[in-house]
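So the structure is just underneath, and the comments pick up after that.
The values are calculated or read from the model by the stated rules, or taken from the named source; none is laboratory data. Just so we're clear, the structure is a prediction, and the values are computed from it rather than from any experiment. All Cβ positions, glycine included, derive from the backbone under ideal geometry; neighbour counts span all protein chains shown. Note: areas computed on protein heavy atoms with side chains; ligands, DNA, RNA excluded. Shrake-Rupley method; radii C 1.70, N 1.55, O 1.52, S 1.80 Å.
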Amino acid sequence: MRHFFEELKKRVQVWHERRAQRIEAARQAELDAEARRRVQVMEFNGELFVSVDGVPLLDVSDINGMLPGAVANARRNFKDWREEKLFSNS
């Protein structure tokens with residue numbers, strides 16, 4: 001009888017571990033899909049940009065420079081995009 005419970009305990013443990021792996025794999029797949037959907041490359045004013053949620057942030061030339069400069073350019077690009085969107089909605 002003791003052997004039966006030990007074997008049952010081992011099988012339940014394996015089941016829990018595999019279930020945790022499946023849950024983690026599903027979570028990672030969902031995160032990957034969201035990242036692909038939200039972070040993309042888009043054209044804006046005739047140039048290619050890295051965009052987040054359809055907002056152009058980093059110009060291709062920004063990526064070659066230093067990070068603080070790239071962030072400053074991303075903010076400027078965001079403001080330009082936002083201003084154009086506000087102007088087109090008016």
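Quick notes
- Within segment 41-60, the set of residues being more than 11 Å from Asn77 (Cβ to Cβ) and in contact with an Asp or Glu (Cβ under 9 Å, 6 or more places away or on another chain) comprises Leu48, Val60.
- Residue tally, condition open to solvent by 60 Å² or more (accessible area, probe 1.4 Å) and not basic (Lys, Arg), over segment 30-45: 9
- Qualifying positions in segment 62-74 - out of contact with any strand residue (DSSP E or B) (no Cβ under 8 Å at 6 or more places or on another chain) and either in contact (Cβ under 8 Å) with a residue 60 or more places away in the chain or assigned to a helix (DSSP H, G or I) (or both): Asp62, Leu67, Pro68, Gly69, Val71, Ala72
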